[in-house]
């Protein structure tokens, strides 16, 4: 992904937040799952289809005072991994095509 890309959370992927800032993202059709912490959850919740990767990274830097200078690169790396696992999409039409989960 590039900094100007506008990623979206895949509409079928579920976020399950637990205790101790742990969470799991799960795609029910592919079976892909990934564990993440509070920063990953904040990134996930920022995937609204309006913000670019640059804007999401800036949001993370504002929200987490100890965010490193590499926040943009780290955000791209995290979302590239989610994209490869089909947990994130760059296709806004996919949101309209997929049934919603409860």
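With the simple model of a label 7 Å out from the Cα in the direction of the Cβ, residue 48 to residue 24 spans 2.9 nm. When the alpha carbon gyration tensor of the stretch 26-77 is reduced to an equivalent ellipsoid, its three semi-axes come out at 22, 13, 10 angstrom, largest first. Placing dummy labels 7 Å off each Cα toward the beta-carbon, the span from residue 17 to residue 81 is 2.0 nm. Counting neighbouring Cβ atoms within 10 Å and putting the fewest first, the residues 10, 27 line up as 27, 10.
A straight chain from residue 73 to residue 33 at 0.36 nm per residue would run longer than the Cα-Cα distance by 12.2 nm. Inter-label distance, residue 61 to residue 91: 3.3 nm, where each label sits 7 Å from its Cα along the C-beta direction.
Ranked by the mean number of other Cβ atoms within 10 Å per residue, highest first, peptides 81-88, 53-60 order as 53-60, 81-88.
For residue 4 and residue 41, the FRET efficiency from 1/(1 + (r/R0)^6), where r spans their Cβ atoms and R0 equals 25 Å, is about 0.60.
In the chain, the DSSP-assigned H stretches of four residues or longer account for a calculated mean residue ellipticity at 222 nm of -11000 deg cm²/dmol, using -39500 (n - 2.57) per stretch and the full residue count as denominator.
FYI, it's all coordinate maths here, none of it is from the lab. The structure presented is a predicted model; accordingly, all values stated were derived computationally and were not measured. So basically every Cβ, Gly included, is an ideal-geometry build from the backbone, and we count neighbours across all protein chains shown.
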